[in-house]
Every structure is written in structure tokens, then in C-alpha cells.
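Working notes, structure below.
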Amino acid sequence: MTKKIKPSDSGKKSSAGASKPPAAVFYIISLLIPVFFFLLLEAGLRAFNYGYDYTQWVNPAKGLYVLNPDIAHKYFHDIQSVPYSNGDIFDEVKKPNAFRVFVLGESSGAGYPYLPIGSFSRYLQRRLSIVYPESKIEVVNCSMTAINSYTLRDLVPGILHEKPDAILIYAGHNEYYGALGVGSLESFGASRPLINLVIYLEKFKTFQLLRNLIGSAAGLFAGTGQQPTGTLMSRMAQDQYIGLNSKVYREGIEQFKGNMRDILEMASENHVPVVLATLACNLKDQYPFVSVHENGLPEAGKMFEQAKHSLAKKDWRAADSLFRYAKDLDALRFRAPTEMNAVIASLAREFHSPLVDVDSAFAAVSPDRIVGDNLMTDHLHPTLHGYQIIGDLFYGAMETDRLLPNSKPISLNDRQQDSIAVAAFPFAPIDSVIGKYRIKLLKNDWPYISKKDKLPDGKVLQPRDHIDSIAYQLVEDKTNWDIAHRKAAEWYASRNDVPSFLREVDVLISQYPIVIEYYDEAAKMLLEKKEYDKAYVYLAKRNEVQPGAFTTKWMGIINLYRHHPADAEKYLNQSIVFDGNDSQVWYDLAGVYVEEKNYQKALEVTNKALELSPHYVDALALRAKLQEAVK
């Protein structure tokens with residue numbers, strides 16, 4: 001018997017079913033509301049350009065890339081003046097004949113105190129360009145002051161995306177006090193996963209907003225306080241002393257090991273070779289910064305004095321060992337401990353990476369085979385010669401492991417290559433002064449001296465001439481690097497010192513190869529001096545960057561004087577395309593046809609020159625001769 005359903009029962013069930021959606025719907029909606037909120041917030045913040053854009057590569061000019069100058073803000077939050085890279089440019093789209101190398105490191109990688117042009121990467125760029133003229137050499141240095149392996153690890157994916165032929169790494173001195181390191185002012189602790197997550201989240205504007213709000217709130221409760229002053233080195237360390245084999249010491253080693261392993265794994269997955277290097281520092285002439293007596297270990301200062309005693313007795317092996325132990329005992333870890341080099345060597349073996357032993361190479365060319373002021377400007381930054389040695393060592397490792405360009409090299413042995421690269425190294429007298437001044441300021445601050453003994457910059461730096469004064473303005477942040485070199489070039493030009501003027505221009509071009517004004521200024525001065533062959537070099541380089549009426553005109557004229565009519569005709573016709581109203585170009589083009597004995601064509605072109613300048617004396621004389629010739 002079929003049960004009858006009452007109309008009222010049926011209605012109740014339908015009504016209940018319609019008014020009670022499944023609980024999962026409410027759950028999903030409750031989850032989506034905050035998601036949509038943060039998506040809208042992120043879109044709004046991006047629309048109003050809030051915070052920093054951490055796109056790794058930006059365009060300084062069409063078709064070119066450079067490391068984003070703002071990217072250091074991603075790692076530095078408590079420091080107002082953040083560091084930046086040397087600004088090396090490379091093609092947005094890699095050319096078929098390009099050989100592309102990226103360099104990663106800290107201040108020593110960047111070439112301090114001679115940055116942006118004193119680094120080993122500049123030596124490498126110059127040598128590769130000399131030896132492999134058929135390849136487009138791109139050596140892109142992404143090193144920055146006061147960073148460590150956290151920054152390097154973050155930059156590597158973007159570097160791998162740009163199809164490098166090799167990555168070179170000289171890093172490890174900053175592992176404790178560099179941005180986000182375990183002993184740094186910017187530290188978030190010792191958890192690598194947490195810190196790397198924070199770095200990843202920095203690309204989101206919402207995260208930047210939340211961090212800024214939290215920082216502002218913390219500042220209100222903590223009070224305004226006094227902003228730390230002095231060198232970036234002194235500010236980042238924050239008086240944090242780290243004893244040998246202490247908990248923080250071990251955390252720094254593990255931090256470096258983990259981040260470097262991540263870098264090597266990423267590179268290996270992308271089949272990109274990585275060349276590692278051991279670290280060198282000043283052992284013999286750098287007294288330990290901080291001596292402590294703890295954990296039953298001797299004091300660093302006492303070990304240093306014992307090392308000096310052994311050196312005086314010519315017991316070089318014992319002296320070297322004691323100097324290294326004194327450095328390891330130094331509780332202010334501005335110099336990487338010996339264990340860091342052991343980690344680097346171990347990682348090189350594990351990942352079959354070429355290893356450049358800078359530490360041993362520096363010792364081999366040092367008096368008593370112990371590195372001191374002979375190759376170091378301070379506690380760990382090499383001299384210019386030291387940087388060139390590092391560049392030579394990297395080149396040798398790349399040669400051994402067949403990591404050099406595939407194009408045909410010129411026939412020079414290693415010594416000849418090195419000699420030419422050093423001779424052609426773009427470096428001016430003002431760069432030496434800048435480096436000297438930077439080191440003086442560094443040593444006029446903690447930890448070289450106590451903070452109470454620090455002298456005003458004006459007493460430490462006392463310029464003796466105009467070039468010194470320009471360098472002083474630079475290190476005092478009163479002018480920019482390029483402006484300083486332009487002022488130096490102008491000063492040399494005013495004194496008619498052409499070689500010094502050209503040296504300054506060459507330095508500017510090495511740093512900013514896309515700025516056409518530098519080529520033009522050099523070419524114009526040389527043309528005025530009738531130094532046509534030298535002028536042609538700058539004209540040709542400028543023409544590669546951006547052809548124009550002036551460049552092609554003078555390349556045509558110089559080729560005419562060289563009796564190269566085909567090249568002269570090509571460039572003069574190109575100049576006419578840029579500017580057809582220059583009567584001199586038409587006149588010189590007529591000279592090309594005269595040399596080819598095409599007098600009729602020469603007469604037609606001369607008439608064009610006279611249409612533009614009816615009183616052009618040389619053209620009038622040439623026309624008279626040509627009219628006789630074509631009768």
C-alpha cells in the first residue's frame with residue numbers, strides 16, 4: 001500500500017531545503033572573503049605604486065637590463081642608505097654570439113673601495129673582450145656591500161632565467177653581519193626557511209604594508225631614538241660579538257652552508273656551471289678587533305702576538321697557523337673564519353664545481369707567504385692589484401674547465417693576455433684617491449677605533465688639489481660617481497691634458513657604455529687635435545651604440561683621408577640619411593667620386609653642396625676643376 005504524502009508535509013520539506021544551503025558553501029565563502037580582500041588590497045597598492053617594486057631586472061634603455069637599484073630594500077629595513085650594485089648592463093635578449101657571466105658577492109665582490117670599476121669582474125670583462133673579439137662579452141656583477149648568502153640565494157633564480165654561461169661567487173665574509181645574518185642589525189633569527197619566506201613575501205605590496213605598519217607601531221612604543229651613524233660596516237654589526245664555536249657561530253656556518261647548497265642545486269638543475277672561490281683576508285697586518293676569554297679558548301690578541309713572535313723568528317709555518325687562529329678567535333666576525341673556506345671547498349667537491357683558491361694564491365705572492373697590507377687595503381678588501389689577481393684566477397679556472405667562449409681566441413699566451421688586460425684596465429687617478437679616502441673613513445670608525453675617538457671627516461680627509469677635492473665630494477655623498485668623473489674630465493680638458501681627459505672618458509664609457517655623449521666628447525677633442533686615428537676608435541664605438549649624422553660623417557671623412565673610398569662612401573651616404581643638409585658631407589662625398597675617377601658623379605654631388613652653401617669656397621674650386629674634367 002502506497003503511503004500518501006500530505007500537501008503540508010511536502011511543502012515543509014521543500015521550504016526547508018530551499019532555506020538551508022549546504023554548510024560547505026558558507027565555509028567556502030568565509031574563506032574567499034579575506035582572499036578577495038587581500039587581492040583587492042594588493043591590486044590597489046600596486047595601482048598607487050606603494051612601496052618598492054622588486055622586479056629583479058629593469059630597463060635603463062630600450063633592449064637593455066640592469067639589476068634593479070631598489071632591490072636592496074628587500075633585505076635592508078632598518079638602514080636608511082641601502083647599498084646598490086655596480087650597475088652593469090646586458091642585453092634583454094641574449095645575442096647568439098654573447099658570452100654571459102654573472103658575478104655574485106659582497107663588498108669584495110663589488111670591488112670596494114674602488115667600486116664600481118675596480119672589481120675583479122672588470123678585469124675579467126676586459127680580458128675576455130681582448131681574447132675573444134668575436135664574442136659579445138657580458139660580465140654582470142650583482143655584488144653589493146653588506147649582503148650575504150640570503151641575498152645571493154634570492155637573486156639566483158632571476159639570474160638563471162637570463163641564460164648565463166657561468167656564475168662566479170666570491171662571498172662569505174659577511175655571513176654573520178650581512179643583511180639578515182644571525183649577528184646582523186637586520187636579523188630575524190636563525191631560521192633559514194622563515195627568513196627565505198620573508199624575502200619571498202617582500203615582493204607583495206600587502207606584505208610591505210603590514211611590515212611597515214608593524215615597524216611604525218614598534219617605533220611608537222620604543223621611542224624615536226637616535227639613528228645609528230658611521231660606515232655601513234659599523235652600523236650592521238651592532239656590537240654583536242660572536243665567540244668561536246659558540247651557538248651563533250655555528251648558526252652562521254649552517255646558514256651559509258644551507259643557502260649556498262640551495263644556490264648550487266638551482267644552478268645544477270639548470271645546467272649552469274658555478275665557479276666558487278675561497279676567501280682571503282688580512283692576516284699579518286690586522287690586529288683582532290675584539291678579544292674575549294670564554295669557553296676555555298685563548299684570547300685573539302694573545303694569539304696574534306705569538307704569531308708576530310714566530311714571524312720574527314722566521315718560523316713562517318707556525319706564524320701562519322697562529323695568525324689564522326687569531327683571526328678565528330676574533331669575536332667581531334668581519335673576516336670569515338677558516339671553517340668557511342672548508343665549507344666552500346666541500347661544496348665545490350660535492351657539486352663538482354671549479355674552485356678558485358684565492359686564499360692560497362694570495363699567500364703564495366705575499367712576503368713570508370702570509371697575506372697582509374701587500375694585497376689588502378684594510379681587513380679584507382683587496383688592493384687593485386689583488387682584485388686583478390682574483391680576476392686572473394677566475395679566468396684560469398674557467399679556461400681549465402672549458403667555460404670560455406666558443407668563438408676563436410686571438411693568439412696570446414696567458415702572461416700576454418694578463419699584461420694587456422691590466423694595461424687596458426679602465427682606472428683613473430681620481431679612482432685611487434676615492435679608494436684611499438674610503439679606507440680612511442672606514443678606519444676612522446668603529447671597530448678600528450672607539451666611537452668616542454672618531455674624528456670629523458674634514459680632519460681625516462684633507463684634499464691637496466682639485467682632483468682630491470672632487471673625490472672628497474664623492475665620499476661625502478655630495479656628488480655622484482659619474483658627475484665626479486665628468487668634473488675631472490672637464491678639468492683635464494681645461495688644462496689641455498688630453499691623455500688624462502681620455503682616461504677619464506674611458507672610465508666613464510666602461511661604466512656607462514650606452515651614454516653616447518662620452519664617445520662624442522672624446523671624438524670632438526681628438527678631431528680638434530687632428531688625432532684622426534684615435535678619434536676613429538671612439539666614433540666607431542659610438543656608431544655601434546647609436547649611429548648618427550656626426551659619427552657617420554667623420555667616419556666617412558677619415559676613411560676618405562685613409563684612401564678607403566668604399567667605406568667613405570658608405571658612411572657619408574649614411575650621414576646624408578640622418579641629415580641631408582650638411583654641405584660638408586656632400587663635398588666630401590664628391591671627394592670619394594674624384595678618387596674613383598667618377599668625375600660626372602662628383603660634379604653632381606658638388607653642385608648639391610653648393611645648393612646648400614653657395615659660398616662654399618672649397619666646393620666652388622672643386623666644381624671649376626670638375627667642369628674642366630668632364631668637358
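The values are calculated or read from the model by the stated rules, or taken from the named source; none is laboratory data. Because the structure is a prediction, the values reported are computed rather than measured. Note that each Cβ is placed from the backbone with ideal geometry, even for glycine, and that neighbours are counted across all protein chains shown.
Laid out as a table, the results:
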item: The stretch 143-153, residues that are outside any loop (DSSP other than H, G, I, E, B) and surrounded by 24 or more Cβ atoms within 10 Å (Cβ to Cβ); result: Ser149, Tyr150, Thr151, Leu152
item: Hits in the stretch 379-431 (condition: closer than 30 Å to Phe289 by Cβ and among the aliphatic types (A, V, I, L, M)); result: Leu380, Leu384, Ile389, Ile390, Leu393
item: Restricting the stretch 421-467 to residues that are among the aliphatic types (A, V, I, L, M) and more than 23 Å from the chain's Cα centre (by Cα), the residue that is farthest from Phe501 (Cα to Cα); result: Ile449
item: The stretch 107-142 - residue that is touching a helix residue (DSSP H, G or I) at 6+ places or on another chain (Cβ under 6 Å) and assigned to a helix (DSSP H, G or I) and, of those, surrounded by the fewest Cβ atoms within 10 Å (Cβ to Cβ); result: Ile130
item: Verdict on Tyr170 being among the hydroxyl-bearing types (Ser, Thr, Tyr) and either in contact with a strand residue (DSSP E or B) (Cβ under 9 Å, 6 or more places away or on another chain) or not assigned by TED's automatic domain parsing to the domain that holds Val248 (or both); result: yes
item: Residue list for the stretch 157-177, restricted to those being surrounded by 19 or more Cβ atoms within 10 Å (Cβ to Cβ) and within 18 Å of Tyr54 (Cβ to Cβ); result: Ile159
item: Lone unmet requirement of (1) within 26 Å of Ser81 (Cα to Cα); (2) of a type in the set (Val, Ile, Thr); (3) at pLDDT 95 or above for Thr224; result: (3)
item: Hits in the stretch 384-423 - residues which are among the hydrophobic types (A, V, I, L, M, F, W, C) and assigned to a loop (DSSP other than H, G, I, E, B); result: Leu403, Leu404, Ile410, Leu412
item: Residues located in the stretch 400-420, provided they are buried (at least 16 other Cβ atoms within 10 Å of the Cβ) and over 24 Å from the mean Cα position of the chain (by Cα); result: Pro409
item: Of all residues in the stretch 454-501 being over 30 Å from Glu531 (Cα atoms) and β-branched (Val, Ile, Thr), the one that is surrounded by the fewest Cβ atoms within 10 Å (Cβ to Cβ); result: Val460
item: The stretch 178-198: number of residues that are part of a loop (DSSP other than H, G, I, E, B), among the β-branched types (Val, Ile, Thr) and either surrounded by fewer than 23 Cβ atoms within 10 Å (Cβ to Cβ) or not assigned by TED's automatic domain parsing to the domain that holds Ala277 (or both); result: 0
